[in-house]
Amino acid sequence: MAALRGEMSWFCCGNAWGPCGSTGHGACGTCNSGNYQHAWPNTSDACYAITHPDTCGLGMSRRGCGFRHYTTNLCNGARVGTTIADCGPQTDLFCGETTCCGSACGSNRIIDLTPAAFSAIASLSVGLRPCSVDIV
Amino acid sequence: MPHTLDRRRLLATAALGGVVGATGLGSLAPEAAFAAEAAAVEPGAPDPNFVEGRISKISGHLLLVTGSDTVLHSIRVTDGTSIWKLHPSTFDQVAVGDGLYARGVRLPDGTLAADSVWVNIVNLHAHIAAVGRNVLHLDHMGRRIVAHVVPGRSAAVYNGTPAVSDLSLLKVGRHVQVLGAWHPDTNEIDIATVYAAA
């Protein structure tokens with residue numbers, strides 16, 4: 001299967017300070033900001049009904065809690081492996097949005113990483129980066 | 001990856017009192033620095049080189065941090081540590097009570113020699129409930145967040161277009177992602193960047 005190309009961001013989950021304190025452990029009940037985990041837009045029918053990546057023309061496979069993905073930051077080639085711990089991002093709200101680093105671009109939000117995972121491949125202060133997501 | 005080893009050795013040396021100035025570690029561009037990090041953590045597992053929590057004490061260049069899971073951490077800030085607090089910032093701007101995420105390398109005594117520290121950083125998905133003068137009122141998971149526009153800093157990205165300082169196109173009801181800095185123990189933040197959907 002070819003890697004899926006799009007945008008990545010980050011989100012907090014689990015025990016947390018500030019506005020993150022109300023987020024909880026995610027749809028899978030296992031999510032923690034300090035773990036290598038991510039949110040995926042198609043973890044269940046209920047999840048898909050919220051995120052609707054199909055609205056943006058994306059066909060994203062159904063994958064459940066604990067499934068492994070490998071995300072590459074297209075700005076620097078850094079890669080991190082994570083497991084599904086939540087439903088998201090809400091892809092349909094940002095249809096067509098494009099983020100680039102020079103000529104390396106990604107369109108549509110396809111994955112949200114925990115702060116630990118995102119910060120392993122990019123600075124948290126950038127918020128959004130083009131990426132590719134693979135299963136190996 | 002020799003480059004990675006060099007960088008990690010520099011961090012550890014700096015934390016242990018070696019003569020390493022900001023220029024010694026600061027020559028890496030941010031993206032290059034993260035590309036150089038080793039990621040040997042099993043997917044799903046906690047990253048031992050990452051810390052989150054709130055600062056309970058500052059002693060010299062050592063931050064004592066209480067994790068949200070109540071685990072205690074020591075974080076050593078060196079001349080080479082990158083600090084973000086709404087802007088790229090300096091150690092003297094860090095305060096007791098601040099929340100943080102930090103990444104670095106563990107020293108033999110368990111202290112984290114910090115490569116990067118993000119202070120009070122939040123990345124919220126929300127709806128705009130109201131717009132005031134230099135302020136957005138956000139609905140975030142059923143709670144109200146007061147997001148302040150900081151002149152000269154706050155920027156908006158409208159559906160992937162380049163960031164601009166004009167936030168006037170943000171309207172009530174729109175979904176936004178807001179990257180900013182929390183005001184500790186309040187429901188207020190300062191806005192760094194607002195990403196707005198079409």
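Here is a yes/no grid of residues against (1) at pLDDT below 95; (2) part of a loop (DSSP other than H, G, I, E, B):
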| residue | (1), (2) |
| --- | --- |
| A:Ala2 | yes, yes |
| A:Met8 | no, no |
| A:Ala39 | no, no |
| A:Asn42 | no, yes |
| A:Ala49 | no, no |
| A:Arg63 | no, yes |
| A:Thr72 | no, no |
| A:Val80 | no, no |
| A:Ala85 | no, no |
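Mind listing just one residue for me: the one in the stretch B:169-183 that is outside any strand (DSSP E or B) and within 10 Å of chain A (Cβ to nearest Cβ) and, of those, modelled with the highest pLDDT?
B:His183
Could you list, in sequence order, the residues of the stretch B:111-150 that are within 14 Å of B:Ile75 (Cα to Cα), more than 9 Å from chain A (Cβ to nearest Cβ) and either touching a Lys or Arg at 6+ places or on another chain (Cβ under 7 Å) or at pLDDT below 95 (or both)?
B:Thr111, B:Leu112, B:Ala113, B:Ala114, B:Asp115, B:Val119
Mind checking which pairs have a first residue in the stretch A:66-80 that is under 16 Å from B:Ala40 (Cβ atoms) and of a type in the set (A, V, I, L, M, F, W, C) and a second that is buried (at least 22 other Cβ atoms within 10 Å of the Cβ) and modelled with pLDDT of 95 or more, Cβ under 6 Å, 6 or more apart or different chains?
Going by the 6 Å Cβ cut-off, the qualifying pairs are A:Ala78/A:Ile121; A:Val80/A:Thr71; A:Val80/A:Ala117; A:Val80/A:Ala120; A:Val80/A:Ile121.
Say whether the condition of being of a type outside the set (S, T, N, Q), without any contact (Cβ under 8 Å) to a residue 24 or more places away in the chain, more than 26 Å from A:Ala46 (Cα to Cα) and surrounded by fewer than 23 Cβ atoms within 10 Å (Cβ to Cβ) is met by at least one residue in the stretch A:103-116.
No: the stretch A:103-116 contains no residue that is of a type outside the set (S, T, N, Q), without any contact (Cβ under 8 Å) to a residue 24 or more places away in the chain, more than 26 Å from A:Ala46 (Cα to Cα) and surrounded by fewer than 23 Cβ atoms within 10 Å (Cβ to Cβ).
Any idea which of B:Asp190, B:Asp166 is more than 9 Å from chain A (Cβ to nearest Cβ), within 22 Å of A:Val126 (Cβ to Cβ) and modelled with pLDDT under 95?
B:Asp166
Could you please find all residues in the stretch A:84-102 being over 16 Å from B:Val176 (Cβ atoms), buried (at least 24 other Cβ atoms within 10 Å of the Cβ) and free of Cβ contacts under 8 Å to residues at least 60 places away in the same chain?
The answer is A:Ile84, and nothing else.
Which of the residues that make up the stretch B:86-108 are free of Cβ contacts under 8 Å to residues at least 24 places away in the same chain and more than 21 Å from B:Pro184 (Cβ to Cβ)?
Once the filter is applied, which keeps residues that are free of Cβ contacts under 8 Å to residues at least 24 places away in the same chain and more than 21 Å from B:Pro184 (Cβ to Cβ), the stretch B:86-108 yields only B:Pro108.
Just to verify a result, which residue in the stretch A:10-22, among those that are part of a loop (DSSP other than H, G, I, E, B) and facing chain B (nearest Cβ under 7 Å), is surrounded by the fewest Cβ atoms within 10 Å (Cβ to Cβ)?
A:Asn15
The values are calculated or read from the model by the stated rules, or taken from the named source; none is laboratory data. Please read these numbers as outputs of a predicted model, since none were measured by experiment. Cβ coordinates were reconstructed from backbone atoms using ideal geometry, including for glycine residues, and neighbour counts include every protein chain displayed.
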